[in-house]
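Enquirer: First, the structure itself, so that you have it in front of you.
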Amino acid sequence: MIKLIPFFFTFAAITGCQPAYIQDQLTPLPLNSIHFSGFLESYLQNSIKNWNKGVVPYSGFVLKFRTVREFFAQGEMWGKAVRSGCMFYRYTQDPELKKILETTVNDLLTTRRENGSISCSVVSQQPDGPGGDLWERKYVLLEQTNPDMRRMMETCVGVTWLKFCSQILRLQGDPFAVDMIEKYAYNGLIGAMKPAGDGFSYVNLLNGVKTNQEGWGGYVDSVYVTCCNLNGPMGLAYLPFVAVMNSKQGPVINLYNAGVSNVLTPDNHSINLNIVTDYPLSGAIIVSVAPQQPEKFSIRLRIPAWSQATILKVNGEVVKVVPGTYAEIYRVWSSGDKIELMLDMRCRVINAPQGSNSAGDNYQALIRGPVVLARDENMDSDYNKPVAFISKDGYVDVIPEFPAQQHTKMQFLVPTAGGYIHMVDYASVDSWKGKQICTWVLKK
């Protein structure tokens, strides 16, 4: 489990002891060291093209610093847009994106007020008091199936969770943090994204109309902007820098998206890691290892906690693994070495949490690998009818099938007592025109 980092500084001040300094256990790769080519890349590129380089009203955001904000949270919008743009530029080195960012930064710097501040509030109203940018919200995980619940999974909160987990990962090297990042990335994050990538939902629901584009926000230069459709791209932009990282012992593979990474070994020699996979469509992953020269070091691969029957091989030889840990392979690596990983993609059935409303108790959900499945009203008029899943030892034998809708990434035949039903990956369900989703399925 994730362990909280102690706050040494208060203790040190009281006792007079020297503060303890914590060093990163894992570090992000340098600029231009990783390039995706698989499942997640299309989501990143759609966001860059149609949001960060597309509809984002940079000049409209800056205008609010010259005048005053018109609604809650408007002052944070420019920073969120630029932050995700900077992360994406770090990943792509796109000169057009760089020019956009340079232009808007220079524009913002012309808005300094007489006291030197850059603010959406005039000097006489600083700091912004009631109605300002401080707020408190409460979310209860046990209420996922409560039929009265209408607000959950805010994109801002999810992205903040992703960033928090990435810091825990750096500090402690804990693979559980990556399990959490992966769960959110493949479900809540890309599930909140508009099909073309030109915006994100404010809050997502598991049952009902999944997406909601209205929230704390409003129109800026004819573009409807909320805090969440600015934060969503930031979550995407983080993923390449979590996918493969480095450590004192050698490279660490966290996320299994197809791509190429260039990492330095402990002796400071270059090594290329080429990941070939269609994950999460399947659990088959091949990593080709190409060091600059033969060298002895470790390569660590995350074994997700949900993968209870994992097969790992190096050049055909089986390596023992433990779910929820890193498999560490310490050997002399040479060009042409191959790692083969087969993750356990059996579909798991889980029961609903017991919340404050007993009307939400009698539900189940399906998860295949990291991906949550759902019934989709776009293709199934019986999407919210109760069913009895046929399962054995907690697993349901789902059958992959060709998606019925062009935008759907994954679709499965799911056995029930009344025959097969169709389910798709949660992220693919398009609710932007009002169609509904059923993720927690009522038991028959």
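The values are calculated or read from the model by the stated rules, or taken from the named source; none is laboratory data. Values in this document were obtained by computation on a predicted structure and should not be read as measured data. Ideal geometry is used to build each Cβ from the backbone, glycine not excepted, and the neighbour counts take in all protein chains shown.
Enquirer: Can you give me the ranges of the strands (runs of 3 or more DSSP E) entirely in the stretch 261-357 with at least 1 residues that are of a type in the set (Phe, Trp, Tyr) and within 19 Å of Gly369 (Cα to Cα)? Outline the logic, then answer.
Expert: On the way: elements: 270-277, 284-291, 295-303, 311-314, 317-319, 325-333, 337-342, 347-351.
Correct list: 325-333.
Enquirer: List pairs: first residue in the stretch 176-198 and outside any helix (DSSP H, G or I), second residue basic (Lys, Arg) and surrounded by fewer than 24 Cβ atoms within 10 Å (Cβ to Cβ) anywhere in the structure, Cβ distance under 9 angstrom, at least six positions apart or on different chains.
Expert: Short answer, once both residue conditions are applied: Ala196/Lys49; Gly197/Lys49; Asp198/Lys49.
Enquirer: State yes or no: is Lys53 out of contact with any Phe, Trp or Tyr (no Cβ under 8 Å at 6 or more places or on another chain), closer than 17 Å to Tyr219 by Cβ and either in the same structural domain as Val105 (by TED's automatic domain parsing) or charged (D, E, K, R) (or both)? Give the steps one after another, and end with the answer.
Expert: Values: out of contact with any Phe, Trp or Tyr (no Cβ under 8 Å at 6 or more places or on another chain): yes; closer than 17 Å to Tyr219 by Cβ: no; either in the same structural domain as Val105 (by TED's automatic domain parsing) or charged (D, E, K, R) (or both): yes.
Judged against the criteria, Lys53 is not a match.
Enquirer: Using the structure shown, decide if Gly75 is touching a Cys at 6+ places or on another chain (Cβ under 6 Å), assigned by TED's automatic domain parsing to the domain that holds Val223, at pLDDT below 90 and not hydrophobic (A, V, I, L, M, F, W, C).
Expert: Criteria met by Gly75.
Enquirer: Consider Val68 against the criteria (1) in a loop (DSSP other than H, G, I, E, B); (2) surrounded by fewer than 16 Cβ atoms within 10 Å (Cβ to Cβ); (3) at pLDDT below 80: it satisfies all of them except one. Which criterion is unmet?
Expert: Checking Val68 against (1) in a loop (DSSP other than H, G, I, E, B); (2) surrounded by fewer than 16 Cβ atoms within 10 Å (Cβ to Cβ); (3) at pLDDT below 80, the one that fails is (3).
Enquirer: Does Val123 satisfy the criteria of being at pLDDT below 90, touching an Asp or Glu at 6+ places or on another chain (Cβ under 8 Å) and surrounded by fewer than 23 Cβ atoms within 10 Å (Cβ to Cβ)?
Expert: yes
Enquirer: If a residue must be in a strand (DSSP E or B) and in contact with a Gly (Cβ under 6 Å, 6 or more places away or on another chain), how many such residues does the stretch 220-257 contain?
Expert: 3
Enquirer: Regarding Ala185, is this residue surrounded by 22 or more Cβ atoms within 10 Å (Cβ to Cβ), farther than 26 Å from Asn362 by Cβ and among the aliphatic types (A, V, I, L, M)?
Expert: On the way: surrounded by 22 or more Cβ atoms within 10 Å (Cβ to Cβ): yes; farther than 26 Å from Asn362 by Cβ: yes; among the aliphatic types (A, V, I, L, M): yes.
So Ala185 passes the test.
Enquirer: Does the stretch 220-237 contain at least one residue that is over 15 Å from the mean Cα position of the chain (by Cα), buried (at least 23 other Cβ atoms within 10 Å of the Cβ) and more than 30 Å from Gln74 (Cβ to Cβ)?
Expert: no
Enquirer: Report yes if some residue within the stretch 413-430 is touching a Phe, Trp or Tyr at 6+ places or on another chain (Cβ under 6 Å) and not polar (S, T, N, Q); otherwise report no.
Expert: Within the stretch 413-430, one or more residues are touching a Phe, Trp or Tyr at 6+ places or on another chain (Cβ under 6 Å) and not polar (S, T, N, Q).
Enquirer: Going by the conditions given, is Asn257 under 28 Å from Ala374 (Cα atoms), outside the structural domain of Gly85 (by TED's automatic domain parsing) and in contact (Cβ under 8 Å) with a residue 40 or more places away in the chain? Break it down into steps so the answer makes sense when it comes.
Expert: Details: under 28 Å from Ala374 (Cα atoms): yes; outside the structural domain of Gly85 (by TED's automatic domain parsing): yes; in contact (Cβ under 8 Å) with a residue 40 or more places away in the chain: yes.
Considered against the rule, which asks whether it is under 28 Å from Ala374 (Cα atoms), outside the structural domain of Gly85 (by TED's automatic domain parsing) and in contact (Cβ under 8 Å) with a residue 40 or more places away in the chain, Asn257 comes out as yes.
Enquirer: State yes or no: is Pro403 in a loop (DSSP other than H, G, I, E, B), without any contact (Cβ under 8 Å) to a residue 60 or more places away in the chain and surrounded by 15 or more Cβ atoms within 10 Å (Cβ to Cβ)?
Expert: Numbers: in a loop (DSSP other than H, G, I, E, B): yes; without any contact (Cβ under 8 Å) to a residue 60 or more places away in the chain: yes; surrounded by 15 or more Cβ atoms within 10 Å (Cβ to Cβ): yes.
The answer is yes for Pro403.
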